[in-house]
Each structure stands twice: as C-alpha cells, then as structure tokens.
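Peer 1: Let me give you the structure first, and then I'll get to my questions.
The values are calculated or read from the model by the stated rules, or taken from the named source; none is laboratory data. Values in this document were obtained by computation on a predicted structure and should not be read as measured data. Every residue, glycine as well, gets a Cβ built from its backbone with ideal geometry; the counts of neighbours run over all protein chains shown.
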Amino acid sequence: MEKLSPLNQLSHLKQLVSQGQPVYGVFDRVDQINYLDYHSYKLSDKAVSQWRKKLRANQFCFVQIVQPSYRVCVAVATLNWVTSSFCYLYDEENDTLEVIEGLQPFTHNCQFNQSTYQDSIAFRSKKLTVNMEFLADGLQLTIESKLLKLNAHLQRPYAPLSVCTPTGKKGWTYTQKEPMTEVTGELTLKNSEKIELTIDLAGATATLDWSVGYMRRITNWYWTCISGYLADGRHLGLNLATGVNESGASENACWLDGERYHLPAVMFRRVKDTGTGKDTEKEMWKVTNQPLNWSKVKIDLTFTPVNCYKKNDRLVVVDSVFEQWIGYYSGVIDLGDTDLGDSGVVHINKLMGLAEDHYAKW
C-alpha cells in the first residue's frame, strides 16, 4: 500500500481510449470508457467494424445491497453471443437463498453503457427486468421480478477503484469498483401467497462492480468483496481479485470510512473441507499476499462459506461456470503504514461478504 503524495496523485481521465489505444494504469477516476474507439491490429489484420467490436467486447455489471438480514445481488453480463442476468435474495437470519434468472440472445432487449456517470444498463426478459441509471452522484437501480421489487438510489461518497491493464495478446480490461454507504429506497419482497413485505433501505450499504473490455477467450478469476462495519464502528469496503487485471497493476483495494488504500496482489486457495455429505462443497478459502521487501502490507484472511449461488451457462460457443459464495471473513489486513498507528491494522471477525470463482469461455 502506497500513500500518495501530491507529486504522484492518480490521474482523472475524461476518456479511457485515446488515439485508438487504451491508457493503462490505476486511476482516480475515468469518466468514459469509450471501448468502441479502440483500434488494434491484434483484433484483426483489417479494420474492425463497430458491430464486431460490440460482439467481441465483454461487459458485466454487478450490484449488491445489504440491509440486514437481507442481501440483494443483481448482475447483467454479455457473453458475446448471449446476455445473462440474475438476481438473488439472501436472508441471513434463515440462511435461505432465492434466485431469479434471465437470458437473451446477443443483446436483445438489453442496453450496455460506456460510462458509470451518465449512461445506463438495462436487461428485460419475461422473468426479470433490471435498469441501472448511472448519474454523476450515484446509481438509480430498479428491479422487477416475481421474487422482489426494488427501487433504490445508491450515492457514491467515496473515490472508486479504476484500473485498466493489458489482457492476453488481443485486448485489455477496465474495471471499476466502489462501495456505497448512502442508500435510499424500498425493497418489496413477494411470496407464493402474494403477500408483500416492504423494507426501507435507509442505512443500507452497497457495492458496484463494473468491468468492460476485450478479455481473454478463456478467463478464470477469484474475487473477494466486503461491505460492512467493523467491530470498532468503521465502515470497511474490500475488493481483492486475481485472474484478470494482473499485467502491471492489480484491482486490489480497501476503503476505511471512505479513505481508499491500494493493496498488493493476493493469492486465493480453496481448502478442501474434511466433512461428509453436501457440506463438502463448503470449502474454506484462504486469501493472502506474499510479503516482499517493497511492501509492508500483510493480508491474511479466511473465508468460511455458508451458502452459494451457482449458475452454469454451457452453450455451443460460450461457457460460464459461476460460483458466488456468501460467508464470513476473519483475519487481518495490516496496511503497513506507521503514520496510521493501530488504525492501520484492520481486524476482521466474522464479517459477511462474498467470494467468487468464475470460469468463462467467451
């Protein structure tokens, strides 16, 4: 973790792609991800048409809203030939997970964006409708389904994590992650008896995860996501990942009461559980970094899963094997900054978060 001085402040970009090429690095903010302006002989020896650029580009957006004991997670993703969406509701008190999914050919009845500040993402199917309206101050999210209805405004009080790196031989990946702690709106739950329960979302926390680019044909990543409050009352946002953005930079960071700290690369390890029966799937995870002489940061986390959303899209030209586990993180993140004193050592004790394992061929 490096504490930035005024001489090495991160850049604020108006556009990611300049003169046909993406700008690589870690940024304070990027206003527009103009991926269709990308020109590269690596995509083709000839000029690539706009429709082919759209087809080859990968884009996905994930949002979670946490209002104990409920957690709503929703995503829209284009896998080139198909567009997929899911929404699930997790009830921590009863350890129940309910899911609704949708699938469309290509981008039929869908819309994808080039900015998280003035654009929109939309998905519409018979079972599920999702609309994300991105604004300068946040995100307006609406979900309509038989499972639930949600109308919420997510305000962005913190600086995001914005990273772009080369990806394989043919492309690049941009990702933006940010925690949101100022949420307003309502969540309406529905059951089989058509009885509705409306929950006020005031005081909820949320997380935005948006990625776009020309990713590897075969991609496998691991991901940690936390948005919650520590025992000392501070809000912690945490994003750790491996498998996508690794060429010269990482998408690892944490936010402590809104202050963003960049973190080094980490390693994920799923430890086989020795139990019997269906609980053998609930492997413990270890998320750690390797201390090196250029970094004083120490990350040592254990993840204990309790429930999982799984989705397999095995189609003719694309495959997606997706596991998103819900569970408890425990351990320590030592930011290695003596100026922070004891506050720079983050102790995590059974804080609920997500752990993801995703294989994609697209």
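Peer 1: Out of Val346, Val332, which single residue is part of a strand (DSSP E or B), in contact with a His (Cβ under 7 Å, 6 or more places away or on another chain), more than 21 Å from Thr175 (Cβ to Cβ) and at pLDDT 95 or above?
Peer 2: Working: Val346 fails: in contact with a His (Cβ under 7 Å, 6 or more places away or on another chain).
The match here is Val332.
Peer 1: Is one or more of the residues making up the range 212-220 of a type in the set (Gly, Ala, Ser) and either under 21 Å from Met267 (Cα atoms) or surrounded by fewer than 20 Cβ atoms within 10 Å (Cβ to Cβ) (or both)?
Peer 2: Our first condition is that a residue be of a type in the set (Gly, Ala, Ser); within the range 212-220, this holds for 213.
Okay, now just the ones that are also either under 21 Å from Met267 (Cα atoms) or surrounded by fewer than 20 Cβ atoms within 10 Å (Cβ to Cβ) (or both), so none.
Looking for residues that are of a type in the set (Gly, Ala, Ser) and either under 21 Å from Met267 (Cα atoms) or surrounded by fewer than 20 Cβ atoms within 10 Å (Cβ to Cβ) (or both), one finds none in the range 212-220, hence no.
Peer 1: Consider the range 94-114. How many of its residues are surrounded by 16 or more Cβ atoms within 10 Å (Cβ to Cβ) and of a type in the set (Ser, Thr, Tyr)?
Peer 2: 1
Peer 1: Kindly indicate which of Thr167, Thr184, Thr188 is of a type outside the set (A, V, I, L, M, F, W, C), farther than 28 Å from Leu89 by Cα and surrounded by 13 or more Cβ atoms within 10 Å (Cβ to Cβ).
Peer 2: Testing whether each residue is of a type outside the set (A, V, I, L, M, F, W, C), farther than 28 Å from Leu89 by Cα and surrounded by 13 or more Cβ atoms within 10 Å (Cβ to Cβ) leaves just Thr167.
Residues are listed down the side, and each one gets a yes or a no for (1) touching a helix residue (DSSP H, G or I) at 6+ places or on another chain (Cβ under 9 Å); (2) within 13 Å of Leu351 (Cα to Cα); (3) surrounded by 15 or more Cβ atoms within 10 Å (Cβ to Cβ):
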position: Trp294; (1), (2), (3): no, no, no
position: Ile299; (1), (2), (3): no, no, yes
position: Pro305; (1), (2), (3): yes, yes, yes
position: Val318; (1), (2), (3): no, no, yes
position: Trp325; (1), (2), (3): no, no, yes
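Peer 1: With (1) in a loop (DSSP other than H, G, I, E, B); (2) free of Cβ contacts under 8 Å to residues at least 24 places away in the same chain as the list, and Tyr158 as the residue in question, which single condition is left unmet?
Peer 2: Condition not satisfied by Tyr158: (2).
Peer 1: Can you work out which of the residues in the range 81-102 that are farther than 16 Å from Leu148 by Cβ and in a strand (DSSP E or B) is modelled with the lowest pLDDT? I'd like the intermediate steps shown before the answer.
Peer 2: At the first step, the residues of the range 81-102 found to be farther than 16 Å from Leu148 by Cβ are 81-84, 93, 95.
Now narrow it down to the ones that are in a strand (DSSP E or B): 82-84.
Details: Val82: 84, Thr83: 91, Ser84: 91.
Filtering first and then ranking leaves Val82.
Peer 1: Still on this structure, I have one more. Counting only residues that are assigned to a strand (DSSP E or B) and modelled with pLDDT under 95, which one in the range 71-80 is surrounded by the most Cβ atoms within 10 Å (Cβ to Cβ)?
Peer 2: First pass over the range 71-80, keeping only residues assigned to a strand (DSSP E or B): 71-78.
Filter again for modelled with pLDDT under 95, leaving 77-78.
Values: Ala77: 23, Thr78: 25.
By that ranking, first place goes to Thr78.
Peer 1: Let me ask something else about it. Can you find even one residue in the range 148-157 that is crowded, with 17+ Cβ neighbours inside 10 Å, at pLDDT below 95 and not hydrophobic (A, V, I, L, M, F, W, C)?
Peer 2: Initially, the range 148-157 is screened for residues crowded, with 17+ Cβ neighbours inside 10 Å, giving 148-150, 152-154, 156.
Add one more test, that the residue is at pLDDT below 95, and what stays is 156.
Then keep just the ones that are not hydrophobic (A, V, I, L, M, F, W, C); that gives 156.
Taking every residue of the range 148-157 in turn, at least one turns out to be crowded, with 17+ Cβ neighbours inside 10 Å, at pLDDT below 95 and not hydrophobic (A, V, I, L, M, F, W, C).
Peer 1: Okay, moving on. Looking at the range 18-30, can you tell me whether even one residue there is at pLDDT 90 or above and in contact with a Phe, Trp or Tyr (Cβ under 6 Å, 6 or more places away or on another chain)?
Peer 2: yes
Peer 1: Surrounded by fewer than 16 Cβ atoms within 10 Å (Cβ to Cβ), more than 30 Å from Leu189 (Cβ to Cβ) and modelled with pLDDT of 95 or more: is that true of Gln9 in this structure? Break it down into steps so the answer makes sense when it comes.
Peer 2: Values: surrounded by fewer than 16 Cβ atoms within 10 Å (Cβ to Cβ): yes; more than 30 Å from Leu189 (Cβ to Cβ): yes; modelled with pLDDT of 95 or more: no.
No.
Peer 1: Still on this structure: What do you reckon, is Ile121 of a type in the set (A, V, I, L, M, F, W, C) and buried (at least 20 other Cβ atoms within 10 Å of the Cβ)? Outline the logic, then answer.
Peer 2: On the way: of a type in the set (A, V, I, L, M, F, W, C): yes; buried (at least 20 other Cβ atoms within 10 Å of the Cβ): yes.
Yes: the conditions hold for Ile121.
Peer 1: Now for a separate question. Can you tell me which residue in the range 185-221 is nearest to Arg314 (Cα to Cα), limited to those that are of a type in the set (A, V, I, L, M) and not in a loop (DSSP other than H, G, I, E, B)? Break it down into steps so the answer makes sense when it comes.
Peer 2: Going residue by residue through the range 185-221, those that are of a type in the set (A, V, I, L, M) are 187, 189, 195, 197, 199, 201-202, 204, 206, 208, 212, 215, 218.
Applying the additional criterion that residues be not in a loop (DSSP other than H, G, I, E, B) yields 187, 189, 197, 199, 206, 208, 212, 218.
Working: Leu187: 32, Leu189: 31, Leu197: 36, Ile199: 36, Ala206: 30, Leu208: 27, Val212: 22, Ile218: 14 Å.
Selected residue: Ile218.
Peer 1: Sort through Leu197, Leu208 and tell me the only one that's over 15 Å from the mean Cα position of the chain (by Cα) and either free of Cβ contacts under 8 Å to residues at least 24 places away in the same chain or crowded, with 16+ Cβ neighbours inside 10 Å (or both). Give the steps one after another, and end with the answer.
Peer 2: Numbers: Leu208 fails: over 15 Å from the mean Cα position of the chain (by Cα).
One residue alone meets the criteria, Leu197.
Peer 1: Here's a follow-up. Could you check, for the range 132-142, whether at least one of its residues is part of a strand (DSSP E or B), of a type in the set (Ser, Thr, Tyr) and within 20 Å of Val30 (Cβ to Cβ)? So that I can check it myself, show each step before the final result.
Peer 2: Filtering the range 132-142 for residues part of a strand (DSSP E or B) gives 132-135, 138-142.
With of a type in the set (Ser, Thr, Tyr) added as a condition, the list becomes 142.
Narrowing the set further to residues that are within 20 Å of Val30 (Cβ to Cβ) leaves none.
Within the range 132-142 (the criterion being part of a strand (DSSP E or B), of a type in the set (Ser, Thr, Tyr) and within 20 Å of Val30 (Cβ to Cβ)), the answer is no, since none of the residues qualifies.
Peer 1: Next up: Conditions first: (1) assigned to a loop (DSSP other than H, G, I, E, B); (2) closer than 18 Å to Val244 by Cα. Leu354 passes all but one, so which condition is the exception?
Peer 2: (1)
Peer 1: Counting just the residues of the range 238-272 that are of a type in the set (Ser, Thr, Tyr) and not in a strand (DSSP E or B), which one comes out surrounded by the fewest Cβ atoms within 10 Å (Cβ to Cβ)?
Peer 2: Taking the range 238-272 and keeping what is of a type in the set (Ser, Thr, Tyr), we get 242, 247, 250, 261.
Those left that are additionally not in a strand (DSSP E or B): 247, 250.
On the way: Ser247: 14, Ser250: 23.
Across the range 238-272, the extreme among qualifying residues is Ser247.
Peer 1: Take the residues of the range 66-104 that are small (Gly, Ala, Ser) and out of contact with any Leu (no Cβ under 9 Å at 6 or more places or on another chain): which is nearest to His235 (Cα to Cα)?
Peer 2: So in the range 66-104, the residues small (Gly, Ala, Ser) come out as 69, 75, 77, 84-85, 102.
Adding the requirement that they be out of contact with any Leu (no Cβ under 9 Å at 6 or more places or on another chain) leaves 69, 75, 77.
Numbers: Ser69: 17, Ala75: 24, Ala77: 29 Å.
Result: Ser69.
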